[in-house]
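One structure is given here, and the rest of the page talks about it.
FYI, it's all coordinate maths here, none of it is from the lab. Computed from a predicted structure; not experimentally measured. Backbone-built Cβ (ideal geometry, glycine too); neighbour counts: all protein chains shown.
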Amino acid sequence: MAAQQRRDGEGSLNKPVRFNGQDFCFQRQECLQTKNLFEDESFPATVESLGFKELGHKSNKVKNIVWKRPKEICENPQFIVGGASRTDICQGDLGDCWLLAAIACLTLNEKLLYRVVPQEQSFSEGYAGIFHFQFWRYGDWVDVVIDDRIPTFNNQLVFTKSAERNEFWSALLEKAYAKLHGSYEALKGGNTTEAMEDFTGGVTEFYEMKEAPKELYKIMKKALERGSLMGCSIDSLVPARFETRTVTGLVKGHAYSVTAVEEVTQKMLRTRGVRWSGTAPGEWTSLSKSEKEKLQHQSAEDGEFWMSFEDFKKNYTKIEICNLTPDALEDDKIHKWTVSVNEGRWVRGCSAGGCRNYPGITSENK
């Protein structure tokens, strides 16, 4: 069956598999003809789509949640305002920072971004309350269709939101990803590279800082030059200490995206996530004005900051790199990866594994 699909082109970016058999173009046209807004019965605006435990029927967290369409939340809603950027992604009341770190990395490459987030979508022309997004899953590209009803509390988005109140692409992308996984709660806890792989079909590698090779900085710089996506985090051996701050302001268990690697008078990295407060006077402050301008230093409000490579190694415990396959890179890219593909499957109870929520199982992956 898989071989037949590939012969027919199904599963490719140009002909993705229809998740749950839903055809975006057909269903949008049907809604426009009947003048009805789309309501997705396969991922309804109910508690079942929120979760199963902390966001399940018996949870107090879901009692006052109201599903609303963007046009009910604000005036003049927009899909994307002034181009998608890293600052469009603000975390809500869901532990999916790993997903948001991957989305932030995705915005660095427009070609990749608009593969996942098709551009021909808006709240004006052709609007029918229906949107779609594409993800790489089990070797195929999958098109996920959703309606635009989003969980709110007091007319504010409960989960991912944009810094611009009337921008909704990131919230809708999160909803589509939640649908792919069964619920919003299913997104709680994970590895950044899981989402990076789902956004690109790339191949990931991990480095523990305490065991990292001496040439790690060169590896990171080379990876970004080749269009790779990159994330980092601070592991905590005690689950109760997840989301607790270190003395420098970084958060354990929180996922950060690496958005730039530059060398001025010293090796520097730009990361995005929760603001840190550990830059020593002899480091950032020692840089000249021209060097700071070269690094395009951003304000603290967007959660993006520069730190020295030495501080990076001291404060983070793990780096994750998602290397893109040749088809995901720009045609004019000078540096490209080569790739070979071997197909197989995980065997339940033998070699299958999970995310960081089940570390004992993950280590059994063969």
* Footprinting exposure proxy for M307, M196 (fewest neighbouring C-beta atoms within 10 Å first) -> M307, M196
* Asked: By the gyration tensor of its Cα atoms, with a ≥ b ≥ c the square roots of the eigenvalues, what is the shape of the range 9-58: rounded for a/c under 1.5, prolate for a/b over b/c, or oblate?
  -> oblate
* Asked: Hey, what do the phi angles of the range 253-264 turn into as Karplus ³J(HN,Hα) couplings, whole Hz, using 6.51/-1.76/1.60 and θ = phi - 60°, x for Gly and Pro?
  -> x, 8, 8, 10, 9, 9, 10, 6, 9, 9, 10, 10
* Given a cut-off of 24 Å, name the pairs among K175/K222; K15/K222; K267/K314 whose C-alpha atoms lie farther apart than that in the structure shown. => K175/K222; K15/K222
* Structure fact -> Quick note on V251, V47, ordering by fewest other C-beta atoms within 10 Å, gives V47, V251
* DSSP-loop chymotrypsin sites (Phe, Trp or Tyr not before Pro) across the range 102-208, with at most 12 other Cβ within 10 angstrom -> Y138
* Please work out the ratio of the alpha-carbon Rg of the range 7-193 to 2.2 N^0.38 Å and round it to two decimals. => 0.98
